[in-house]
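For reference, the structure discussed in these notes is given below.
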Amino acid sequence: MKILPRSAFGQTVLLIGVLLFINQLVFYGAFAAYVFEPHQQQINQLLAKQVRVVFIDIEDAELSPKMAEAFHNETGIGVYYEQDALQLGLATSAYYPYRSEQMSALLGGPTEVRVSIEDEHLFWIRAPQAPQLWVKIPLLGTEKSNYSPLIIFLVIIGLLSVIGGWVFVRQLNRPLKSLQNAAEDVGRGDFPEPLAERGTSEIIAVTQAFNHMSKGIKQLEQDRNLLMAGISHDLRTPLTRIRLASEMMQEQDAFLKEGIEQDIDDMNNIIDQFIDYLRHDSKDKAELGDLNVLVAEVLNVETPPDRNIAFYDGECPQLPLKHVAVKRAIANLVQNALRYTQGDIEVYTGVAKEKGYAQIIVSDNGVGIPEADIERLFQPFTQGDTARGTEGSGLGLAIIKRIVDTHGGKISLSNKETGGLQAKILLPLKNTFKA
């Protein structure tokens, strides 16, 4: 499982956050080395001087109660035996080994330093000059000395930096998002207006190249449509003359006339399929519609009197559909099932197991298709195996797939365990293309 983000947006924000974290670590290190440590050394030297002053007049480490009381009244510094010190707060104080080591060096012998933080900030020091005594030194100005404002300041600066980076990258990625949407439109056969050339110089260069490419593809599509329209028109003209000529044939050639007319009808159907494949209803706009109603309309038209098509309509919310295109896709599936099988056909609709999709299933009871041939059937001019026949131009499934792709959906074929073929179309419940 990958933890690091894969998008440029996420990576940039993460990089900014990491650099900011490293910067704060360096700042903390510099602050500790050049501000905090000298400050602590000054406090230690001040404490050591006060301890020396306490023991100037104490001979043989003996403490005079009157002198101790007077000294305490004047300076706030108290000197106590350990038993008294424990009652006055020494018991709740915390031992500081690093400060004890520093004070030992300043006082010239083993020194123990304890600190209690209650109503006031108290330092308890047992100096080498009188190991049986504890010196209590209140140090004003440090009882509330915390670095919360500094930490809050650094957190705010960090958040502002990350937010600023997020806004910057978002602005940088906005043209890329437009490029992505436009590329998806071109892939579906829709050609948007030229994108606005904005952003950094690199983004502008990519946008210009995309606009040029989109214009070229659009021109190729128009030329292809024009070419196919011209070919279909030129082919229909001689086909019409052949049909007229066949009408004037003698009665004894009726069998020949019937074959010619059948061939003409097949050729006209093939030409229509070519046009359908190229056109794929690009002018048909997506609108919210009832999938069950569309399927019912198709089955009312396509069901022959001598065949049975069972329709099982499930609950399905309205979804964005290009109605003409979807009806053509459903009709092609039904026609294939009717053409290649003799038994009953089932059609199912409803919400698919796949989240966010509605489904259309056309199921027949024929002989199926070899698994190796299923995927290639969606390619143009590809026909099924001889078991299911070889009629047509091989564009039926290609047309269906193109329509489904335009909707942002999926199509699949699978052989049923009980025999027969099942075609399944998944259409997104939400709009995935420009209406």
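The values are calculated or read from the model by the stated rules, or taken from the named source; none is laboratory data. Source: prediction; values computed, not measured. Glycine also receives a Cβ, built like all others from the backbone with ideal geometry; neighbour counts cover every protein chain displayed. All accessible areas refer to the heavy atoms of the entire protein, side chains included, with ligands and DNA or RNA removed. Shrake-Rupley method; radii C 1.70, N 1.55, O 1.52, S 1.80 Å.
Details
- Matching option when the condition is open to solvent by 50 Å² or more (accessible area, probe 1.4 Å), modelled with pLDDT under 90 and out of contact with any strand residue (DSSP E or B) (no Cβ under 6 Å at 6 or more places or on another chain), among 281, 290, 266, 276: 266
- Looking only at residues in segment 220-239 that are open to solvent by 80 Å² or more (accessible area, probe 1.4 Å) and more than 41 Å from the chain's Cα centre (by Cα), the one that is nearest to residue 196 (Cα to Cα) is 227.
- Inclusion of residue 217 among residues that are among the β-branched types (Val, Ile, Thr), over 26 Å from the mean Cα position of the chain (by Cα), open to solvent by less than 80 Å² (accessible area, probe 1.4 Å) and at pLDDT 80 or above is warranted.
- Here residue 199 qualifies as at pLDDT below 75, open to solvent by less than 60 Å² (accessible area, probe 1.4 Å) and in a loop (DSSP other than H, G, I, E, B).
- For segment 294-313, the set of residues classified as surrounded by 14 or more Cβ atoms within 10 Å (Cβ to Cβ) and outside any helix (DSSP H, G or I) consists of 303, 307, 309, 311, 313, listed by residue number.
- Among the residues of segment 19-37, those identified as more than 15 Å from residue 155 (Cα to Cα), of a type outside the set (Asp, Glu) and either under 30 Å from the mean Cα position of the chain (by Cα) or open to solvent by less than 50 Å² (accessible area, probe 1.4 Å) (or both) are 29, 30, 31, 32.
- Just one of (1) part of a loop (DSSP other than H, G, I, E, B); (2) open to solvent by less than 80 Å² (accessible area, probe 1.4 Å); (3) free of Cβ contacts under 8 Å to residues at least 60 places away in the same chain fails for residue 327. It is (1).
- Just one of the numbered conditions (1) open to solvent by less than 60 Å² (accessible area, probe 1.4 Å); (2) modelled with pLDDT of 80 or more; (3) outside any loop (DSSP other than H, G, I, E, B); (4) not small (Gly, Ala, Ser) is not true of residue 369: (3).
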